[in-house]
1. Restricted to the stretch A:171-205, and to residues that are open to solvent by 20 Å² or more (accessible area, probe 1.4 Å) and over 29 Å from A:Met51 (Cα atoms), which residue is farthest from the other protein chains (Cβ to nearest Cβ)?
2. Restricting attention to the stretch A:4-36, which residues are of a type in the set (Gly, Ala, Ser) and either in contact with a Phe, Trp or Tyr (Cβ under 6 Å, 6 or more places away or on another chain) or touching a residue at least 12 places away in the same chain (Cβ under 8 Å) (or both)?
3. If I filter the stretch B:32-49 down to residues being of a type in the set (Gly, Ala, Ser) and open to solvent by 20 Å² or more (accessible area, probe 1.4 Å), which single residue comes out as nearest to ligand 2 (Cβ to nearest atom)?
4. Among the residues in the stretch A:68-83, are any surrounded by fewer than 20 Cβ atoms within 10 Å (Cβ to Cβ), in contact (Cβ under 8 Å) with a residue 60 or more places away in the chain and under 27 Å from A:Ser172 (Cβ atoms)?
5. B:Phe87 fails exactly one of the following numbered conditions: (1) open to solvent by less than 30 Å² (accessible area, probe 1.4 Å); (2) more than 9 Å from every other protein chain (Cβ to nearest Cβ); (3) under 15 Å from the mean Cα position of the chain (by Cα). What is the number of that condition?
6. With the condition kept exactly as written, say whether any residue in the stretch B:96-111 is in contact with a strand residue (DSSP E or B) (Cβ under 9 Å, 6 or more places away or on another chain), farther than 27 Å from B:Glu194 by Cβ, charged (D, E, K, R) and within 14 Å of chain A (Cβ to nearest Cβ).
7. How about the stretch B:57-66: which of its residues are buried (at least 16 other Cβ atoms within 10 Å of the Cβ) and not in a loop (DSSP other than H, G, I, E, B)?
8. Within the stretch B:165-177, can you find the residues that are within 16 Å of ligand 1 (Cβ to nearest atom) and closer than 16 Å to B:Ala149 by Cα?
Amino acid sequence: MDIFGVSPQLLLGQLLLGLINGSFYAMLSLGLAVIFGLMNVVNFAHGAQYMLGAFVAWLLLTMFGVPYWGALVIAPVVIALFGMALERFLLRRLQNEDHLFGLLATYAVALIVEGLVLHGYGSSGLPYTNPIPGGVMLGFMFLPYYRLWVVAISLVLCLGTWLLIERTKLGSYLRAANERSELVEAFGINVPKLVTLTYGFGVGLAALGGVLAAPIYSVSPSMGTNMIVVVFAVVVIGGMGSIAGAIVSGYALGLAEGLTKVFYPAGANMTIFALMILALMIWPSGLFSKAQ
Amino acid sequence: MSEAQTPHLAITDLNAWYGESHVLHGITLDVKPGELVTLIGRNGAGKTTTLRSIMGMLKNRKGSVRCLGQETIGLRTYQIARLGLGFCPEDRGIFASLDVQENLMLPPVLKPGGMSEDELFAIFPNLKTRFNSPGTKLSGGEQQMLAIARILRTGASLLLLDEPTEGLAPVIVKQIGRLIGQLKARGFTIILVEQNIQIASQWADRHFVLESGRVVDQVEGGDLTAHMPRLKTYLGV
Ligand SMILES: Nc1ncnc2c1ncn2[C@@H]1O[C@H](COP(=O)(O)OP(=O)(O)O)[C@@H](O)[C@H]1O
Ligand SMILES: [Mg+2]
C-alpha cells in the first residue's frame, strides 16, 4: 500500500530520522532560548559546545577508557564549567554593551575551539562505538535501540526543563529576570549568579546533545557548525527566548525536514530556512513569543 | 553612638549618572528609624533616580549611602537589598509571566520579622481570590497592592515607595493612604515619593524637596497648614 505514491517504509523511516534530528534541534534550541531569554546573548558558541560534548566523550573513551554512560555525565559537567568561566570572565564584561558584542565574542570562541580541535585531531570524523547495539524489527522498519534512547532522553530533558522553568520557584526567578533582571536583583536575588548558572545549564545541555550525537553522527570539528545553522532557524521560528516555542519547533522542523526528504528530496536542506522566512513574514517576533 | 541616633539611611553628597548624563548633583538626606520622609518635586527632579541610586540600580554613583551605619556605595544591588530594603518601583514592576502568587512570593525573605501570608491577606483580601491569574491581569490598584504586599513579606524594614498612588482612582488612593499610615504605625522606615499632596502630608515627618537633582528645601511634616503654600509651589500645583 502506498501513501501518495510513497511506500510506508520510506515515509515512516524518514519520519523517524526526522524525529531524531528533531530531538537534537529541540535540545539545542532549548539551551539557546534559555540563554537568550535571560542574557540577550545569541550564543554563537552553542555549536562548538555541542561538538565539544561529542569530542570530550570520545577523548574520555579513547584516552581514559571512560564508557559512554560516564561520559554522558562527565562531559556536560566539564563543558558547563568551561561555559560558566566564559560567562564570568568574558560575557559579563560585555553585558552593558551592544548585544552584537556578545554575539561576536561567542562566535570568536566557537572559531577558536573548532580551530583547536581541528588542529589537534584533523577534520575526518572520529568513530564512536554505539553503546546500545541492536534494535527491534517493527514489521515495516528496523528501529535501532540507540535512536529510541536518544528520542526518549531528549523528550525527558525538554519536558524536565520546561517544568523547571514554568513550575518551580527557581523558574519563577528566571522568568522574572527574563522580563526585568534589575528589579529581580533589587529584591535581593543574586542575579549575577543566576546568569552564570543559566549559561552553564544551556551549555551543559548543548554538550549533552553532543555526547548523545557521538554514536550517531561521527565526531568531527565541524559537526557543530552544520547543526547550529539549522538550530538558529528553529529558534527564530519558535520565537527568540520562548522555551515552549524552541521545543515544539525543534521537533516539528525535524519532522518537516524528514517529510521533505520523502516527497521532494532535493529541497530537504532548505525546507527549514524556507519555513523560517515564511514564519518571519507571518509572525515577525516568532510563533510562540508572547505579545508584550 | 546609640541605636536611636544612627539614621536608618544616611545619604551624603550622592551623585549619579545615566551614561554620560549627570542626574543627581550631591543629594544629602537622612531618615531616622521609624520615620516617614517624602521626596517631592516636579517631574524630572530626580526622585525616582534617588530611589534607584539607593538600591544601586544606577551603575555609576558616587558619594555615600549608609544603611544602619553600613556603607553601601561599593555593593551590588542584591547585597544592598539584603540589608533589609524593600523597593516598590514607579511602574509597580508586576511580572507578566508570573501569576499573582508567584509575584507575591518572588522576593526572598531577607530578615526575620516579615509579615505572614495571613497578615497580608487580612490587609489585601483581593489578592487571595486572584492567586492564579497572571500578575498583569489585575487592575491598576490591585497591581499596586501586590507590589507593596510582596515587599512586606521579606522582613525589609526600610521601604522605598515610588509614587504608589499615581494614576489610581480616588477610592484606591485613599486605601493606599491608609495603608501607608498602618505601615508607619508598624514601625517601618519609609521613603515615599508622592505627588499627591494630601497623601504626602498625611503621615510624613519631613519632606525633602528635590529640584534638578538637588535637595533644595526641607519641610517639617508636623504643621501642614503653615507649609502648604510652600509645598504647593514646589509641586507646581
Ligand atoms: N533611563 C534614563 N536615561 C537617561 N536619563 C534619564 C533616565 N531616567 C531618567 N532620566 C532623567 O533623569 C532626570 C530625573 O528623572 P527621574 O529621577 O525619573 O525624575 P522624577 O522621578 O523626579 O520625575 C530627568 O531629567 C530624566 O529625564
Ligand atoms: Mg519618578
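The values are calculated or read from the model by the stated rules, or taken from the named source; none is laboratory data. Note that the structure is a prediction, hence the values are computed from the model and not measured. Reconstructed Cβ throughout: ideal geometry from the backbone, glycine too, with neighbour counts over all protein chains shown. Ligands, DNA and RNA are stripped out before the accessible areas are found, and what is left, the full protein with its side chains, is counted by its heavy atoms. Shrake-Rupley method; radii C 1.70, N 1.55, O 1.52, S 1.80 Å.
1. A:Ser181
2. Within the stretch A:4-36, A:Gly13, A:Gly18, A:Gly22, A:Ser23, A:Ala26, A:Ser29, A:Gly31, A:Ala33 qualify.
3. B:Gly44
4. Scanning the stretch A:68-83, I find at least one residue that is surrounded by fewer than 20 Cβ atoms within 10 Å (Cβ to Cβ), in contact (Cβ under 8 Å) with a residue 60 or more places away in the chain and under 27 Å from A:Ser172 (Cβ atoms), so the answer is yes.
5. (2)
6. Scanning the stretch B:96-111 turns up at least one residue that is in contact with a strand residue (DSSP E or B) (Cβ under 9 Å, 6 or more places away or on another chain), farther than 27 Å from B:Glu194 by Cβ, charged (D, E, K, R) and within 14 Å of chain A (Cβ to nearest Cβ).
7. Hits for the stretch B:57-66 are B:Arg61, B:Gly63, B:Val65, B:Arg66.
8. B:Thr165
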